[in-house]
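The values are calculated or read from the model by the stated rules, or taken from the named source; none is laboratory data. Because the structure is predicted, anything quoted here is derived from the model rather than measured. Every residue, glycine as well, gets a Cβ built from its backbone with ideal geometry; the counts of neighbours run over all protein chains shown. Heads up: the accessible areas ignore ligands, DNA and RNA and are worked out on the full protein's heavy atoms, side chains in. Shrake-Rupley method; radii C 1.70, N 1.55, O 1.52, S 1.80 Å.
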Amino acid sequence: QDLRYAVRGLRRSPGFTLGVTLTLALGIGANATMFSIIDPILFRPPAYLRHSDRVHRPFVATVQQGSEAFQGSFSYRQYLDLASDTRSFERFAGYWATSLAVGTGDNVEEQRITGVSASFWPLFSVRPVLGRFFGAEEDRHPFGEPVVVLSWPYWQIRLGGRTDVLGQQLRIGKLSYTIIGVAPRDFLGFELRRSIGFVPLTNLASNVFEDRGAGQRYSDTYNMNWLRLVAERKAGITAAVATADLQHAVVRSLERRALEQPGRRPLSEIKPRAMLSPVQEQAGPNRSATTRVGTWLVGVALVVLLIACANVGNLLLARALRRRR
């Protein structure tokens, strides 16, 4: 009965109804738009991630010129150190994306390609729509195997979605890669930007950083911090225990680096501190300026919604005063 009465009242005052509707639509629409932008950046875990509550991004905080600086990229040697010296993690996985020339002849285009370690795939409950993913035997350092798992859009748009693409060759950078699979349509891994496919991390590094047979520079040095890492805690291990374990591994890795590079500042000065951040990269300590502006705009949108609600309240109050007789 109250609902029918309210509907009749709104119907009798179309101008008032339109004003209230537009005011609330403005506030709610602004918030919905801003939240849809911030949600995948700060809150929503990557699609298909198996144990999002146990997957973290490691960071190392060090004292630089009197303030803390946060290291979110690691060298390949540091990645190997952390993976071998910790016991609280199910696995460490590394990935790195870059742009390379893809194709041959007149069809060459610069495209984004992502290199991932073989331990990257078990983090996700995902199956390829065609073919298979690559394994540890194809991700051996220093060079790895030239195989590629295509992204779904590239397979559909550039290759026509043909099922006979498995085994064909695709030129990426300096090497020719064998197509072994196709990832699902909405699979992006840990990135927000889509690439044309996924290749073994060690192979992409050798493709970009060095010529074959010229040594293993990227895997021999601590000086090239290019690799993004994610780590999955073992079931039953708390974040505090895993952080302490990571801290021990970080110190050991920095001690090894100091033995090879004696001129570096001692650990007592830089005071390394290991951190486990959420899997969303922008939720960690190194937020980009874009994310900070987006967060500020979300706050502005909330203020707009509060103003809209206050305006609607004022309209209802004025209407009630007009009807008080």
Point to revise | Computed helical MRE - 222 nm, the chain, DSSP H runs ≥ 4 contributing -39500 (n - 2.57), nearest 500 | key: -12500 deg cm²/dmol
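With the full set of protein chains in place, find how many percent of the accessible area of the chain is carbon and sulfur; take the probe as 1.4 Å. Numbers along the way, then the final one.
Working: 9550 of 17200 Å².
Carbon and sulfur atoms account for 56 percent of the accessible area of the chain.
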Check your understanding: Relative contact order of region 155-292: what whole-number percent is it, with Cα pairs under 8 angstrom and at least 6 residues apart?
Key -> 12 percent
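Is the shape of region 198-281 best called rounded, prolate or oblate, per the rule: a/c under 1.5 gives rounded, else a/b larger than b/c gives prolate, else oblate, with a ≥ b ≥ c the square roots of the Cα gyration tensor eigenvalues? Before the final figure, lay out each step's value.
Working: a/c = 2.71, a/b = 1.26, b/c = 2.16.
Since a/c reaches 1.5 but b/c is at least a/b, the shape of region 198-281 is classed as oblate.
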Review point. Percent relative contact order of the chain, based on C-alpha pairs within less than 8 angstrom and at least six residues apart?
Key: 31 percent
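Among 157-167, 94-104, what's the highest-first ranking by average C-beta atoms within 10 angstrom per residue? Don't jump to the answer; show the numbers that get you there.
On the way: 157-167: 12.3, 94-104: 16.8.
Ranked from most to least packed, the peptides come out as 94-104, 157-167.
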Review point. How much net charge surrounds Leu188 when only the other residues with a Cβ under 12 Å from the Cβ of Leu188 are counted, with Lys and Arg +1 and Asp and Glu -1?
Key: +3
Check your understanding: Helix 289-322 sits at what angle to the longest principal axis of the chain, using alpha carbons and giving 0 to 90 degrees rounded to 10?
Key -> 10 degrees
Review point. Sorted by average packing, counted as other Cβ atoms within 10 angstrom per residue and highest first, what order do 20-33, 193-206, 117-130 take?
Key: 193-206, 117-130, 20-33
Study note, to complete from the structure: Relative contact order of region 119-209 (C-alpha contacts under 8 Å, at least 6 apart) in percent is 40 percent
**Study point:** Correct choice for Rg and Dmax of the Cα atoms in Å that was computed from the model, options (i) 26.3, 93; (ii) 21.1, 68; (iii) 22.0, 68
**Key:** (i)
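Report the net charge of residues surrounding Leu246, where surrounding means a beta-carbon distance below 12 angstrom and charges are Lys +1, Arg +1, Asp -1, Glu -1. Provide the component values of the computation, followed by the final result.
Values: positive: Arg57, Arg87, Arg233, Arg252, Arg273; negative: Asp81, Asp85, Asp245.
Spelling it out: positives minus negatives among the neighbours equals +2.
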**Study point:** Check: region 1-148 dipole with +1 on Lys, Arg Cβ and -1 on Asp, Glu Cβ, in debye
**Key:** 1040 debye
Revision key, fill the gap. Long-range amide H partners of Ala47, meaning residues 5 or more apart or on another chain whose placed amide H is closer than 5 Å, are Leu188
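What net charge do the residues around Leu201 carry, taking every other residue with its C-beta under 11 Å from that of Leu201, with Lys and Arg at +1 and Asp and Glu at -1? Numbers along the way, then the final one.
Numbers: positive: Arg140, Arg228; negative: Glu138, Asp139.
Net local charge, Leu201 excluded: 0.
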Point to revise | Solution diffusion estimate, µm²/s, Stokes-Einstein, region 1-139, Kirkwood Rh from C-alpha pairs, 10 °C, viscosity 1.306 mPa s | key: 75 µm²/s
Check your understanding: Cα centroid distance between region 50-82 and region 146-184, in Å?
Key -> 32 Å
Review point. So what is log10(I(q)/I(0)) for region 264-325 at q = 0.12 1/Å, when the Debye sum runs over its Cα atoms only?
Key: -0.61
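Keeping all protein chains in place, calculate the accessible area per residue for the chain (probe 1.4 angstrom), answer in Å². All intermediate terms of the calculation are to be shown ahead of the outcome.
Details: 17200 Å² over 325 residues.
Result: 53 Å² per residue.
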